[in-house]
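Peer 1: Could you have a look at this structure, given as structure tokens, before my questions?
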Amino acid sequence: MKIKLTKGYDLPIAGAVAADAGTRDIKAAAVAVAPGDFPGFVPKPDVAPGDVVGAGAPLMHDKTYPGLKLVSPLGGRVTAVVRGERRKLLQVVVEAEDGIEPQRFDTRQLTREKAVALLAGSGLLAMMRRRPYDIVPDPCEVPRDIFVTAIYSAPLELPLAARVGEADVELLELGTALLASLTPGKVYISHDKTWTLGRVKGAEMVEFRGKHPVGNVGVQISNIKPVNKGESVWTLDVETLRRVGYLMKHGVVDTSAVVGIVGPAVEEPCVVRTSAGAAVAPLLAAAGVVADGHHHRVVSGNVLVGTAIDADGYLHYPYRLLTVLDNGDDIDEFMGWASLSPSKMSVYRSFPGHFLKRLFRPDARLLGGRRAMILSGEYDAMMPMDILPEYLLKAIIARDIDKMEQLGIYEVAPEDFALAEYADTSKIPLQHIVREGIEFMRKEV
Amino acid sequence: MIDSARPAFEPGGRLSAFGSVFDGFETFLFTPRTVSGPASVHVHDANDSKRTMIIVVLALMPCFLFGMYNTGYQHWLALGAEEMPLWPLMLYGFLAILPKVAVSYFVGLGIEFAFAQWRKEEIQEGFLVTGILIPMICPVEIPLWMLAVATAFAVVFAKEVFGGTGYNIVNVALVARAFLFFAYPGHMSGDKVFVATGKALGYGTPVADGFTCATPLGQIATHSGGDLMLTGVDGHVFTAWDAFLGLIPGSFGETSVLCILIGAAVLLFTGMASWRIMAGVFAGGLCMGWIANVFASPVYPASLLPAWEQLLYGGFAFAAVFMATDPVTAARTNTGKWIYGVLIGVMAVIIRVYNNGYPEGAMLAVLLMNVFSSLIDWCVVQANIRRRMRRLTAKTSES
């Protein structure tokens, strides 16, 4: 199957990793697992400070489904179980120690129940998402289909080759076989023209062409087989699929992470192999990010859907990208709205920069005041889905359950609105609105 | 300096009653330092609402400058002048429109500032466009106090009561015009208001009392029997070329189709207005004009015009480019925009041709469709909902 999308936009941001950049290994001294990265997961800790855990051993479990775990990315000692307001569990920190055996999992003679339990217990199910609602899948439910995206189209993402290569074909096939046993439907793998691994046995391959958000799995589902009310599908990226295959082959969880350190404020963008949830300070130092008097913003993830973290914080799920840009709160710009400077990044042709084939160095300012929705069609142009974004957003704001259902709340995730939020002249926090709408639906329906 | 003045305007400060005004000027002068939230998009497009509005104002400038020239030109014609000196004409036009623009902005922005302060909100820039549109779509001889009353009425009752910029249902500038049209018809139509006859702020020579000249559409509406001849201030017969260039009597900014097309090009190039709506209005107007012309009858003199000439006269082109495309009051779905545009074009010509009481229908057509735009969108949204429902039923019937 081949699908071409015409809507969307690739943000021309400076600070990508050079094509010939190699991968450096940086051993993580400490990691943290933050349950907030896994929407729908209500954490109960399995460990206390001082406990020794192996890589892949559970750190916490879900309140509703105790078999659903988040696991330690490395072997070591638990040094902190950090709680916030109302004792909400924020993160568990593990410091590396040598000589601790990784947790082993039994991968033989798997029935469907055992297969789900394996994924849930190894922390890999938590790395998947379920649509509707874009939450961690419910282990008791049977998904209609499973969608895997092998397209990383968000700004400054590493090329596919940095994540999976020829050597991983066997792992992908093993992973696909396991996933196929979980659904009566199909396992779809969406890829673009950079995919060189041929057909993965057991999967339905779909080739997409287009600009970001072509890599968003929600966009792919919408164009392959949309989610209807009462159905659910599971989604994951190809790296998680490889991890599933790795677990099947070796019986241990692959908790390593290939992280791109990118962005306009990064001196030497680079790729490092480290542990999931690693402390970011050594990674930033490796990429030459130093305190230079500018206010930096460190984002775990890409600039559209990432989480801003402290420079002494930890990587957040999906442990793929660390983007650094100027925060911009120390900049005074005289009449910026009238600017004809070619360094302004915009989807609009009133900015000369729009016509230049150049990369921009944007900062984190809103670049305007928040307004009501004024221009029409802005969101549509950024969403290649059969959704009327403006009307869905209004239904969400009005908390109108019927309208939300009718307009497709089950088909979307906050990330599908990210590009529209970037382009929005009225600077409305669209992802926040969608996230609240999804939470509301989960509570009410 | 701004930083040091800020505390006085913050809540509790001695000038806190002007907090919104201070904010408004500060964000006008300096891009706000507000940054993205920790879990949102971390970069934003450079375009904002201020720039959007200013581009629309820039797109209006060719019409505005030509309006100045034409006001002077018509005045000189009325004086019986043989030569048309450029700069005196422009100066006269400028002085004639200056008080109107000043009054419109003063009244409108005053009300906006007051409402923003009352609601403790940032001042919004929607009136930048409305404020210049209002004098441009009124006859140049409109008394200032009427303009002030109409602007105040429109801003309060068409915009602020709905919640301000972005929430209004009908086009604010057109409400101001409609208010004048129905409250003071003598000053909004007829043969005495479209050519400036007095001194403009003391400049120029007054034209003799009793001078009259109607707009082309005014002449058509009052036409009875005989050949339809449209004549200008000095009695020469208009050609379509005159109407295209705009050297005809009419409301200040709307006579020149050429300048309107330049404005349209700016709006479309910068992506600030919908090409679907503009194309729809012109297509609808042409189509209805053609139908009217096929069934032409002397009872309805405007039906004698060929379809394409319908687009050249009156406020049709201006409404298509600057009024119908106001995104807040227009249809917001792509299909809806086509329907909305076509219906405006059709309605404008229907009113113009078949209602002899109203020589021009563009204003009423846009206002009418403003009201119906939500209904049009509702139908388009229903189609999306039905598609989703069909998918669901197909699935249920399969299983």
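The values are calculated or read from the model by the stated rules, or taken from the named source; none is laboratory data. Quick caveat: nothing in here was measured; it's all calculated off a predicted structure. All Cβ positions, even for glycine, are placed from backbone atoms using ideal geometry, and neighbour counts span all protein chains on display. Areas reflect the complete protein model, heavy atoms only, side chains present, ligands, DNA and RNA absent. Shrake-Rupley method; radii C 1.70, N 1.55, O 1.52, S 1.80 Å.
Peer 1: Can you give me the number of residues within segment A:108-131 that are more than 19 Å from A:ALA57 (Cα to Cα) and open to solvent by less than 10 Å² (accessible area, probe 1.4 Å)?
Peer 2: Count: 1.
Peer 1: Among the residues that make up segment B:104-113, is at least one of them within 14 Å of chain A (Cβ to nearest Cβ), under 13 Å from B:GLU160 (Cα atoms) and modelled with pLDDT under 95?
Peer 2: The answer is yes; a qualifying residue exists.
Peer 1: Output yes when any residue across segment A:94-107 is open to solvent by 10 Å² or more (accessible area, probe 1.4 Å), of a type in the set (A, V, I, L, M) and either assigned to a strand (DSSP E or B) or touching a helix residue (DSSP H, G or I) at 6+ places or on another chain (Cβ under 7 Å) (or both), and no when none is.
Peer 2: yes
Peer 1: Output the residues belonging to segment B:71-87 that are open to solvent by 10 Å² or more (accessible area, probe 1.4 Å), touching a residue at least 40 places away in the same chain (Cβ under 8 Å) and in a helix (DSSP H, G or I).
Peer 2: Listed by number, the residues that qualify are B:THR71, B:TYR73, B:LEU77, B:ALA78.
Peer 1: Something else now. I want to confirm something. Restricting to segment A:335-353 and keeping residues that are farther than 24 Å from B:GLU125 by Cα and open to solvent by 40 Å² or more (accessible area, probe 1.4 Å), which single residue is nearest to the other protein chains (Cβ to nearest Cβ)?
Peer 2: So, considering only residues that are farther than 24 Å from B:GLU125 by Cα and open to solvent by 40 Å² or more (accessible area, probe 1.4 Å), the one nearest to the other protein chains (Cβ to nearest Cβ) is A:SER343.
Peer 1: Out of A:LEU11, A:LEU70, A:LEU59, report the one residue that is buried (at least 19 other Cβ atoms within 10 Å of the Cβ) and not in a strand (DSSP E or B).
Peer 2: Answer to the selection: A:LEU11.
Peer 1: Checking A:GLY306 against (1) surrounded by 21 or more Cβ atoms within 10 Å (Cβ to Cβ); (2) in contact (Cβ under 8 Å) with a residue 40 or more places away in the chain; (3) within 16 Å of the chain's Cα centre (by Cα), which single condition isn't satisfied?
Peer 2: (2)
Peer 1: Counting only residues that are touching a His at 6+ places or on another chain (Cβ under 8 Å) and surrounded by 15 or more Cβ atoms within 10 Å (Cβ to Cβ), which one in segment B:142-163 is modelled with the highest pLDDT?
Peer 2: Out of the qualifying residues, it is B:MET146.
Peer 1: Looking at A:VAL289, is it of a type outside the set (D, E, K, R), away from chain B (no Cβ under 14 Å) and free of Cβ contacts under 8 Å to residues at least 60 places away in the same chain?
Peer 2: In short, yes.
Peer 1: With the structure loaded, tell me whether B:TYR105 is open to solvent by 30 Å² or more (accessible area, probe 1.4 Å) and in contact with a Leu (Cβ under 6 Å, 6 or more places away or on another chain) or whether it fails that test.
Peer 2: No, not satisfied.
Peer 1: What number of residues within segment A:189-205 are more than 11 Å from A:ILE151 (Cα to Cα) and touching a helix residue (DSSP H, G or I) at 6+ places or on another chain (Cβ under 6 Å)?
Peer 2: Result for segment A:189-205: 5.
Peer 1: Between A:GLY377, A:GLY368, which is farther than 23 Å from A:VAL136 by Cβ, free of Cβ contacts under 8 Å to residues at least 24 places away in the same chain and at the interface with chain B (Cβ under 10 Å from one of its Cβ atoms)?
Peer 2: One residue alone meets the criteria, A:GLY377.
Peer 1: Right, here's the next one. Does segment B:334-356 contain at least one residue that is surrounded by fewer than 24 Cβ atoms within 10 Å (Cβ to Cβ), in a loop (DSSP other than H, G, I, E, B), in contact (Cβ under 8 Å) with a residue 40 or more places away in the chain and not assigned by TED's automatic domain parsing to the domain that holds B:LEU217?
Peer 2: Looking through segment B:334-356, at least one residue is surrounded by fewer than 24 Cβ atoms within 10 Å (Cβ to Cβ), in a loop (DSSP other than H, G, I, E, B), in contact (Cβ under 8 Å) with a residue 40 or more places away in the chain and not assigned by TED's automatic domain parsing to the domain that holds B:LEU217.
Peer 1: Taking B:ALA8 as the residue in question, decide whether it is touching a Leu at 6+ places or on another chain (Cβ under 9 Å), without any contact (Cβ under 8 Å) to a residue 12 or more places away in the chain and more than 11 Å from chain A (Cβ to nearest Cβ).
Peer 2: Taking the combined requirement at face value, the residue satisfies it.
Peer 1: Do you know which of the residues in segment A:421-436 that are more than 9 Å from chain B (Cβ to nearest Cβ) and surrounded by fewer than 24 Cβ atoms within 10 Å (Cβ to Cβ) is farthest from the chain's Cα centre (by Cα)?
Peer 2: Ranking the candidates gives A:ILE428 first.
Peer 1: While we're here: Quick check, is A:VAL299 open to solvent by 20 Å² or more (accessible area, probe 1.4 Å) and either in a loop (DSSP other than H, G, I, E, B) or in contact (Cβ under 8 Å) with a residue 12 or more places away in the chain (or both)?
Peer 2: No: the conditions fail for A:VAL299.
Peer 1: Next question. Somewhere in segment A:357-364, is a residue surrounded by fewer than 18 Cβ atoms within 10 Å (Cβ to Cβ) and more than 26 Å from A:HIS295 (Cα to Cα)?
Peer 2: Within segment A:357-364, one or more residues are surrounded by fewer than 18 Cβ atoms within 10 Å (Cβ to Cβ) and more than 26 Å from A:HIS295 (Cα to Cα).
Peer 1: Out of the residues in segment B:126-141 that are within 14 Å of chain A (Cβ to nearest Cβ) and surrounded by fewer than 24 Cβ atoms within 10 Å (Cβ to Cβ), state the one that is nearest to the chain's Cα centre (by Cα).
Peer 2: By that ranking, first place goes to B:VAL129.
Peer 1: Further question: Every residue in segment B:20-36 that is at the interface with chain A (Cβ under 7 Å from one of its Cβ atoms) and of a type in the set (Ser, Thr, Tyr), please.
Peer 2: B:THR27, B:THR31, B:THR34, B:SER36, listed by residue number.
Peer 1: Moving on. Has segment B:28-38 got at least one residue that is touching a helix residue (DSSP H, G or I) at 6+ places or on another chain (Cβ under 6 Å), outside any helix (DSSP H, G or I), free of Cβ contacts under 8 Å to residues at least 24 places away in the same chain and more than 27 Å from A:GLU333 (Cα to Cα)?
Peer 2: Looking through segment B:28-38, none of the residues is touching a helix residue (DSSP H, G or I) at 6+ places or on another chain (Cβ under 6 Å), outside any helix (DSSP H, G or I), free of Cβ contacts under 8 Å to residues at least 24 places away in the same chain and more than 27 Å from A:GLU333 (Cα to Cα).
Peer 1: Scan segment B:378-399 for residues that are within 9 Å of another protein chain (Cβ to nearest Cβ) and either over 48 Å from the mean Cα position of the chain (by Cα) or outside any helix (DSSP H, G or I) (or both) and report the count.
Peer 2: Number satisfying all stated conditions: 2.
Here is a yes/no grid of residues against (1) open to solvent by 10 Å² or more (accessible area, probe 1.4 Å); (2) closer than 26 Å to A:GLY301 by Cβ; (3) out of contact with any Ser or Thr (no Cβ under 7 Å at 6 or more places or on another chain); (4) assigned to a loop (DSSP other than H, G, I, E, B):
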position: A:GLU141; (1), (2), (3), (4): yes, no, no, yes
position: A:ARG144; (1), (2), (3), (4): yes, no, no, yes
position: A:TYR152; (1), (2), (3), (4): yes, yes, yes, yes
position: A:GLU157; (1), (2), (3), (4): yes, yes, yes, yes
position: A:ALA167; (1), (2), (3), (4): yes, no, yes, no
position: A:GLU173; (1), (2), (3), (4): yes, no, yes, no
position: A:GLY185; (1), (2), (3), (4): yes, no, yes, yes
position: A:VAL206; (1), (2), (3), (4): no, yes, no, no
position: A:HIS212; (1), (2), (3), (4): yes, yes, no, yes
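Peer 1: Considering (1) surrounded by 20 or more Cβ atoms within 10 Å (Cβ to Cβ); (2) out of contact with any Phe, Trp or Tyr (no Cβ under 6 Å at 6 or more places or on another chain); (3) small (Gly, Ala, Ser), say which one B:GLY67 fails and leave the rest.
Peer 2: Condition (2) is where B:GLY67 drops out.
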